[in-house]
Amino acid sequence: MKPADEARIAARLAKLMAMICVRNTRIEELHAGAVPVTHTGDYSDVFITDADGRQIPWTDASHLDDDQMRNLMRQIVDRLYTFHLKADDPRFRDHLDRWLAVAERWDEPKLDEVFLSTIIGDKAAKMPR
């Protein structure tokens, strides 16, 4: 298979998996609700007041507790597992095709050099694609 074809297939698969295995999860609960107003653009002017009256800068506040993170990661892992396990099931694939139409409108993915260098080392990340 040509590298351009591999990249096209990988891009479609990445967007599809992000859509159905990550986006439509408990992460939507984090996305829901009121968005604070920022005049600086970086949220350095936004603070959270907790139940003890502490003023916590938005940029320093955790937006998930450990249980929420654990539950989110379990759901994502379960969805990725299901995706891989059922990818050849015709009924599952029909469902994927419908979601792909939505995911195709997203920006094209790019190689994440920081992630790659973290996983395989700096020298390997600079290898030609």
| message | Just to be sure I understand, how many residues within the stretch 82-97 are out of contact with any Lys or Arg (no Cβ under 8 Å at 6 or more places or on another chain), under 13 Å from Ile20 (Cβ atoms) and surrounded by 11 or more Cβ atoms within 10 Å (Cβ to Cβ)? | response | 7
| message | I'd like the residue in the stretch 70-81 that is exposed (fewer than 13 other Cβ atoms within 10 Å of the Cβ) and of a type outside the set (Phe, Trp, Tyr) and, out of all such residues, is nearest to Ile27 (Cα to Cα). | response | Met73
| request: Tell me, yes or no, whether the stretch 23-39 has at least one residue that is loosely packed, with under 14 Cβ neighbours inside 10 Å, closer than 18 Å to Ala101 by Cβ and at pLDDT 90 or above. | output: no
| Which listed residue, of Ile56, Ile48, Ile20, is among the β-branched types (Val, Ile, Thr) and assigned to a helix (DSSP H, G or I) | Ile20
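The values are calculated or read from the model by the stated rules, or taken from the named source; none is laboratory data. Fair warning: this is a prediction, and the values are worked out from it, not measured in the lab. Reconstructed Cβ throughout: ideal geometry from the backbone, glycine too, with neighbour counts over all protein chains shown.
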